[in-house]
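Note sheet for the following structure.
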Amino acid sequence: NADIVIKNQHLSLMFDGNSGQLKSMKNLNSGASIPLQQTFQFYIGHPGNTTVFEYQASGAYVFRPLTSAPADFQPLLKKRTFHVQGQLVQEIRQWFSPWVSQVVRLYDQANYAELEWTVGPIPVSDGLGKEVITKYSTGLQTNGVFYTDANGREILKRTRNHRDTWKFKTSEPIAANYYPINSRVYIKDSNSQFTVMTDRSQGGTSLQDGNLEVMLHRRLLYDDNLGVGEALNETGADGKGLIARGKHFLFLDTVQNSGALHRDMGLRLYMAPSLSFTNSQMKQQEWS
Amino acid sequence: SLNIQVLKEAMGVAQHHDAVSGTEKQAVANDYAKRLARGTLECQKVVNDAYKKLFPKQKEVPPDQMFCSLLNISMCQATENNKQFTMTVYNPIGRSVGHWIRLPVIGKSYVITDPNGKSVPSQVLPISNETKKIPERKGSLAENELVFWVMVPPLGFNTFFIKQSSGPSKTQKSVVRQLD
């Protein structure tokens, strides 16, 4: 039950030996280090209600959670956490629910940690639509401020419960603080910056200081009455609902170093090399 | 350019905000996906033709390039069904980049040779049960993933020669430990 550490030349990640969950992250070059917990939770999508003016369900156009806090998954009776070791890549394979799993990967020489999340199919037999998030808790003193990008170019400063151009007042404390994350979101204090890069545009926020949450997958049962005319409920190849899989890339470094890190990674991620194969039996010598 | 036009038009149609934000009806979403997939296939034909011009002349007719769009769920017929195959990596950025390759394979040991004849170290990892359960993977034979690092020149490509091996190779087997 001792804690598990996977590390390479640049990063070290510690996992709890009992739960298999992330515990801390450290940059071995700059010394930046944070406690880092990660959880998966879900909001129940609002079904809408009967008064004409407030008939607003959560759906394709609108994110409207029924409750003010996300729900936790049922604790797993039997966990399945694996530690895969090797010189080129090390993995911690985590299992959070029968339909939520993740692989944390650390490649040799990489200055980022790759988290491949797999969510779904989201069960809705209980008649409740669900919107699944992952939450990173870092302990950084962020004073309600976080940063998201606009199409990978302009970085926008976001402040919790605040708008620059009007006096903020809302009846939706969760949704009102959600912003688009086109490719990256980060939080920082005076020393360190924690950056999450995504492989697709997602939504996210920072509802507590030091926390970042990113929405991964949604399955809702009611039309939000704003034009689509149907619920956000794709049934997928086998009719049981969609399985979504994607990646987050985590960086931790000083504030000074972080800009270059995620800009360089942005190029390498979004203009990644393309692969093609042939069944040619030609040998390299012949080829050259 | 006729081939590329198919993808151009699909991208044109997908400028509609509901394609970008996902607020279209399901049938429309399926249609966007079909147009984009068809456009992608047409572009792959162009890539295939380009490589035939760029690759060295071969005795027999050069084989067609095969593309794998389900590598994210560890599925690729080209690497699962062939014990020997070539992989060409194209880099669209104006500087050389390194990239981690993960290929679904059925074997446990492979000899990978880079364009300069050097042997590339690799590691095999077992494909997880969570991945195997994904319905879109029906029919996949792969049990392992072959992971290795490649370098590709700016706005250029490199070809790697990959062959399953029963003898000594630079493939390292992963050590898998269950924690709980």
Listed by range, strands (runs of 3 or more DSSP E) wholly within region A:207-288 having at least 2 residues that are among the hydroxyl-bearing types (Ser, Thr, Tyr) are A:274-278
Here the residues within region A:179-195 that are surrounded by 21 or more Cβ atoms within 10 Å (Cβ to Cβ) and of a type outside the set (S, T, N, Q) are A:181, A:184, A:185, A:186, A:187, A:194
Assess whether residue B:17 counts as being in contact (Cβ under 8 Å) with a residue 24 or more places away in the chain and not acidic (Asp, Glu). no
Of the residues in region A:86-112, how many are surrounded by fewer than 16 Cβ atoms within 10 Å (Cβ to Cβ) and either more than 12 Å from chain B (Cβ to nearest Cβ) or within 20 Å of residue A:26 (Cα to Cα) (or both)? 2
Which condition from (1) surrounded by fewer than 17 Cβ atoms within 10 Å (Cβ to Cβ); (2) touching a residue at least 60 places away in the same chain (Cβ under 8 Å) is the one that residue A:257 breaks? (1)
Exactly one of A:247, A:240 is of a type in the set (Lys, Arg) and either without any contact (Cβ under 8 Å) to a residue 24 or more places away in the chain or within 24 Å of residue A:135 (Cβ to Cβ) (or both), and that residue is A:247
Single unsatisfied condition, residue A:76 versus (1) surrounded by fewer than 20 Cβ atoms within 10 Å (Cβ to Cβ); (2) closer than 17 Å to residue B:149 by Cβ: (2)
Residue A:203: farther than 30 Å from residue B:104 by Cβ and either surrounded by 15 or more Cβ atoms within 10 Å (Cβ to Cβ) or of a type outside the set (Gly, Ala, Ser) (or both), yes or no? yes
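This table checks each residue for (1) farther than 23 Å from residue A:253 by Cα; (2) at pLDDT 95 or above; (3) assigned to a strand (DSSP E or B).
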{"residue": "A:92", "(1), (2), (3)": "no, yes, yes"}
{"residue": "A:103", "(1), (2), (3)": "no, yes, yes"}
{"residue": "A:106", "(1), (2), (3)": "no, yes, yes"}
{"residue": "A:109", "(1), (2), (3)": "no, yes, no"}
{"residue": "A:121", "(1), (2), (3)": "yes, yes, no"}
What's the number of the only condition in (1) over 30 Å from residue A:88 (Cα atoms); (2) at the interface with chain A (Cβ under 10 Å from one of its Cβ atoms); (3) exposed (fewer than 13 other Cβ atoms within 10 Å of the Cβ) that residue B:95 fails to meet? (1)
May I ask you to say which residue of A:31, A:59, A:20 is surrounded by 18 or more Cβ atoms within 10 Å (Cβ to Cβ), in a loop (DSSP other than H, G, I, E, B) and at positive phi? A:20
Can you pull out every residue in region A:235-288 that is within 9 Å of another protein chain (Cβ to nearest Cβ) and of a type in the set (Asp, Glu)? A:238, A:286
Which condition breaks for residue A:114 when tested against (1) farther than 18 Å from residue A:200 by Cβ; (2) assigned to a strand (DSSP E or B); (3) at pLDDT 95 or above? (1)
Would you check which residues across region A:223-240 are buried (at least 19 other Cβ atoms within 10 Å of the Cβ) and more than 17 Å from residue B:28 (Cα to Cα) and list them? A:224
I'd like the residue in region B:161-180 that is in contact with a Phe, Trp or Tyr (Cβ under 7 Å, 6 or more places away or on another chain) and of a type in the set (Ser, Thr, Tyr) and, out of all such residues, is nearest to the other protein chains (Cβ to nearest Cβ). B:171
Against the definition (touching a Pro at 6+ places or on another chain (Cβ under 7 Å), of a type in the set (D, E, K, R) and in a helix (DSSP H, G or I)), how does residue B:45 come out, yes or no? no
Any chance residue A:151 is polar (S, T, N, Q) and either more than 28 Å from residue A:111 (Cα to Cα) or within 14 Å of chain B (Cβ to nearest Cβ) (or both): yes
Checklist (1) out of contact with any helix residue (DSSP H, G or I) (no Cβ under 7 Å at 6 or more places or on another chain); (2) touching a residue at least 60 places away in the same chain (Cβ under 8 Å); (3) surrounded by 13 or more Cβ atoms within 10 Å (Cβ to Cβ); (4) over 18 Å from residue A:82 (Cβ atoms) applied to residue B:145, failing item: (4)
Test result for residue A:163, part of a loop (DSSP other than H, G, I, E, B), within 30 Å of residue B:108 (Cβ to Cβ) and either over 20 Å from the mean Cα position of the chain (by Cα) or of a type in the set (Asp, Glu) (or both): no
Flagged in region A:113-122 as out of contact with any helix residue (DSSP H, G or I) (no Cβ under 6 Å at 6 or more places or on another chain), within 25 Å of residue A:45 (Cα to Cα) and either more than 10 Å from chain B (Cβ to nearest Cβ) or among the polar types (S, T, N, Q) (or both), in numbering order, are A:117, A:119, A:122
Residue that is nearest to the other protein chains (Cβ to nearest Cβ), among those in region B:77-91 that are in a loop (DSSP other than H, G, I, E, B) and surrounded by fewer than 22 Cβ atoms within 10 Å (Cβ to Cβ): B:82
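The values are calculated or read from the model by the stated rules, or taken from the named source; none is laboratory data. No experiment lies behind these values; they were computed from the predicted model shown. No Cβ is skipped: glycine too gets one built from the backbone with ideal geometry, and neighbour counts run over all protein chains shown.
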